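Have a look at the structure below before the remarks.
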Amino acid sequence: MAELIITRKQKDYLKMPYQVIINGRLVGIMRTPQARLRMPAGCYMVTIRTGGFVPVGKKGKTIDMTLSSTEAIQITDYAYNCLDFKDSGRWWDVVFTIDLVVWIVSLFLTIPHPWNIVYHVLSDGFFVAWLIRLFFVRKRYYAMKSYTADTPPEEVKQRKSRLERYMEEHRDEIMARQQQLSERQQERTLNRQRRRYKRQAD
């Protein structure tokens, strides 16, 4: 059996799950920056997809709201088979994020005239252009690169949250506090039982 290593080459701030589809069949959901699949050698059509289908009406109709890309891959037994993917329009996403932040700020602040008109024209125009581009590139949204390597690619680990990092750094202190709380709880339970037995004896 050969191994296919799929790697997300950009940081995911929203941690989106990615559907891995091979030859039209969903084989799994990728929730980490890197996934490894064991499969027979051969030629495959691999699709990376995110998003979903929005139901419309009562007749089971849906609107395709997915973003995806497909790559033909030759899997061999004698090398490490790698597939890297990232957003093809990264700058569009950056500008859209900035525009979204400015829009949220504008809800609380008043932009003086005539800059408010300039802002709305630019913001609305960019948003329409972003939607049009997204519609046309939604089937080739990700830039994908497949290759084989003699050495295994660098392992990409899931970025830990602040809470996880804090718990790792203060593990001994947290365990000591938990031990203290457990001992206090046991002592309180014993004291209640002693008082109860004493009342019964009296």
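The values are calculated or read from the model by the stated rules, or taken from the named source; none is laboratory data. None of these values were measured; they are calculated from a predicted model. We place every Cβ from the backbone using ideal geometry, glycine too, and count neighbours over all the protein chains shown. Please note that ligands, DNA and RNA were not included when accessible areas were found on the heavy atoms of the full protein model with its side chains. Shrake-Rupley method; radii C 1.70, N 1.55, O 1.52, S 1.80 Å.
Measuring against 22 Å, Cα to Cα, the residue pairs 58/139; 15/59; 86/139; 15/58 contain 58/139; 15/59; 15/58 as the ones spanning a longer distance. Taking all Cα pairs closer than 8 Å and separated by 6 or more residues, the relative contact order of the chain comes to 23 percent.
Would you give the gap between the C-alpha center of the range 80-129 and the C-alpha center of the range 3-52, rounded to a whole Å? If we compute the Cα centre of each part, the gap is 28 Å.
If the segment from residue 79 to residue 154 were pulled out straight at 0.36 nm per residue, it would be longer than the present Cα-Cα gap by 25.5 nm. Computed from label points 7 Å out along Cα-Cβ, the spacing between residue 3 and residue 54 is 4.1 nm.
On the accessible surface of the chain, probed at 1.4 Å, how many percent belong to carbon and sulfur atoms?
Result for the chain: 58 percent of the exposed heavy-atom area is carbon or sulfur.
Of the peptides 104-116, 26-38, the order by per-residue mean of other Cβ atoms within 10 Å, starting with the highest, comes out as 26-38, 104-116. In this calculation the C-beta distance from residue 25 to residue 122 is compared with R0 = 45 Å, giving a FRET efficiency of 0.55.
Relative contact order, whole percent, for the range 51-117 stands at 15, derived from Cα pairs under 8 Å and 6 or more residues apart.
Using 0.36 nm per residue and subtracting the Cα-Cα separation, the extra length available between residue 43 and residue 96 on full extension is 15.4 nm. Please say if the chain is rounded, prolate or oblate, where rounded means a/c under 1.5 for a ≥ b ≥ c the square roots of the C-alpha gyration tensor eigenvalues, and otherwise the choice is prolate for a/b larger than b/c and oblate otherwise? Oblate. When shorter helices are ignored and each DSSP H run of at least 4 residues is given -39500 (n - 2.57), the per-residue value for the chain at 222 nm works out to -13500 deg cm²/dmol. Taking label positions 7 Å along the Cα-Cβ direction at both residue 185 and residue 103, the computed distance is 4.7 nm, reported to one decimal.
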